[in-house]
Amino acid sequence: MSGVRPGGWHRSPAGFIRRTLQAADEYNLPFLASALTFDALLAAFPFVLLLLIGLTHLAQALVSGSAVDAAALFHRFFPPHVSTPGRDPFGTIEQLLIRISENRGQISLYAIPAFVWFSTRLFAGIRTALNEIYDISARPAPRRHFLLSLLYAKLRDIGMVLATVVLFLANTLLTTGLALLQSRGVARIPELAFFVSSLGRLLGELLAFSFSISLFYLTYAYASLRRLPWRTVLLAATFTAALFEVAKRLYGLYLANFASFEGPSGDANIGAAVLLILWINYTAIVFLLGGVVAETWELRKMQQRQRAKLG
């Protein structure tokens, strides 16, 4: 590689970064990330519908009694706010939840198969991209009938979807529960005051970050046909999770300071939607870059072993 010192790129952090960026360019990461972004958006729509359907079931399960007004039911789960028609900041969300609650049986008939199809398509894209980055084509694949190979790949994708959904829901429930404890729990249960302390918040952030690492670790380790050493996978997962958290914080700052449920123009909300798509694309790029980091790290270790043998 031009510009690399005679000692080899694997001898310095700067050389490692240059080699990683060169490999990312060779694999055409922006193009691969665009494909993953499209698949993620297709899978996200039915997934959000299923989450909202689950939310309606959970909300009604938490309220005793058989006859419940849907509007009053969802209204009580939002923070205190003005409920005057036309000025309710959560009015649109409440109406959406009410409509989903009224038609959730019919919506589920379409949302479940759509999510299964598009989510497995997403993980098939992830598997293909990681196989390309990990140079699977350079390794002979086991000989199978193409139908068996297709079935095996689809079962792998379904397994990855289930594992990812479990981790995602666990992370969501945990972070939501901690947020509720910090906002309302102390007033009712003083023993929970630890969770609103600085140490409690820090532990909550570290726990959420560990869930992100676990999610990326699972994907890097098992989505591809190649098995990398666990230390290399952990390095890539930590790298990706750190950059993902940075983007999540920046997007949260935009929502908190610029996007608004009120106002006649809605330009800020349109900007939030556009930024959401850009954030998904950024996440796809960072995810693939983490795979390149793992592959480059393995290549670095191989070259170091070869140098050691040559003396």
Would it be correct to say that Ala187 is touching a helix residue (DSSP H, G or I) at 6+ places or on another chain (Cβ under 8 Å) and at pLDDT below 80?
no
Out of all the residues in region 127-146, is one or more of a type in the set (S, T, N, Q), at pLDDT below 60 and touching a helix residue (DSSP H, G or I) at 6+ places or on another chain (Cβ under 9 Å)?
no
Would you confirm whether or not region 203-219 contains a residue that is β-branched (Val, Ile, Thr), at pLDDT 90 or above, under 30 Å from Asn131 (Cβ atoms) and out of contact with any strand residue (DSSP E or B) (no Cβ under 9 Å at 6 or more places or on another chain)?
yes
Here the residues within region 17-46 that are over 17 Å from the mean Cα position of the chain (by Cα), surrounded by fewer than 16 Cβ atoms within 10 Å (Cβ to Cβ) and closer than 16 Å to Tyr282 by Cβ are Pro30, Phe31
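The values are calculated or read from the model by the stated rules, or taken from the named source; none is laboratory data. Everything quoted here is computed from the prediction, not taken from an experiment. Cβ: placed from backbone, ideal geometry, glycine included. Neighbour counts: every protein chain shown.
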